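First the structure, in the form of structure tokens, and then the observations on it.
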Amino acid sequence: MAREHRREGAASGTRITPAAVGLVGVVLVAGACSGPEEAFAEPMAEHALFDDVAFSPTSLTATLPQVTYRDGSSATTFSDLVVAGEITGWQRGRATDWSTDGGREVAWSGDADSREVVVALEVDEVVAAGDDDLDGVDVAPGDTIEVVATLGGDADAAGDALAGLGDVVVLVAHGPGEHRDEWWVGLGGILLGDLDDGDLTWPVLEAAGGDLDVRDDVADLDALRRAAEAAPRTIAVGDS
């Protein structure tokens, strides 16, 4: 059972923007989740929106850190670190009104288009880590890292539901620009797995349903470990 450790008030510095590499905007038609997962999965899926993008991964294994996508002289990955561990609590991040260019921070209780839930994740296993020329990926079992998810709706309920998950697998990516020292749930919040006795389900991906063309090819932690052991590869955008 997860240990709840909830702190009220704003977290320092973290800011979510609606732009990143990856997918065209996702418009959620119908969520596949029910019960407590619905409190976070559907709002996170709704906010897994990307603009100014050219390509997307075809499967979950294609989002691992050793898979690089190259578009001309530009190269990117969809995650920088894959960890298994336990969510031990959460805190409020920033709330943003996106009606203006660049967005503006507003009160948590204000008229926000998105809110951040910052979860504390106690790392049990580092499944994979990418090569990071800028900062290095310095995370080890026993560490606790903060991971940012962005969503709309009732973010307090979502935070409680995330904390209630307990054991998870998360593919995380550095935040962009000035937020590079922060960990964000990869692919706009999609790459969050619920871990139950070694089996994996992907609630946010399920909630996105047919609106997100990313194949679930990771059914358990062992399958993810095997995929993470594969040699690094580079995919040119447009390749099948």
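When you scan the stretch 190-240, how many residues do you find that are without any contact (Cβ under 8 Å) to a residue 60 or more places away in the chain and in a helix (DSSP H, G or I)?
Of the residues in that region, 3 qualify.
So, in the stretch 158-189, how many residues would count as being farther than 16 Å from TRP90 by Cα, charged (D, E, K, R) and either outside any helix (DSSP H, G or I) or in contact (Cβ under 8 Å) with a residue 24 or more places away in the chain (or both)?
Selection size over the stretch 158-189: 2.
Got a sec? Which of THR96, THR58, THR68, THR63 is surrounded by 14 or more Cβ atoms within 10 Å (Cβ to Cβ), touching a residue at least 60 places away in the same chain (Cβ under 8 Å) and within 16 Å of the chain's Cα centre (by Cα)?
Just a single option satisfies the conditions, and that option is THR63.
Failed condition for ALA112, given (1) in contact with a Lys or Arg (Cβ under 7 Å, 6 or more places away or on another chain); (2) surrounded by fewer than 22 Cβ atoms within 10 Å (Cβ to Cβ), with all others met?
Every condition holds for ALA112 apart from (1).
Go through (1) under 24 Å from PHE40 (Cβ atoms); (2) modelled with pLDDT of 90 or more; (3) not hydroxyl-bearing (Ser, Thr, Tyr) one by one and return the number of the condition ASP222 breaks.
If we test ASP222 against (1) under 24 Å from PHE40 (Cβ atoms); (2) modelled with pLDDT of 90 or more; (3) not hydroxyl-bearing (Ser, Thr, Tyr), just (1) comes out false.
For the stretch 166-182, how many residues meet the condition of being out of contact with any helix residue (DSSP H, G or I) (no Cβ under 8 Å at 6 or more places or on another chain) and either at pLDDT 95 or above or closer than 19 Å to ALA208 by Cβ (or both)?
The total comes to 2.
The values are calculated or read from the model by the stated rules, or taken from the named source; none is laboratory data. Everything quoted here is computed from the prediction, not taken from an experiment. Note that each Cβ is placed from the backbone with ideal geometry, even for glycine, and that neighbours are counted across all protein chains shown.
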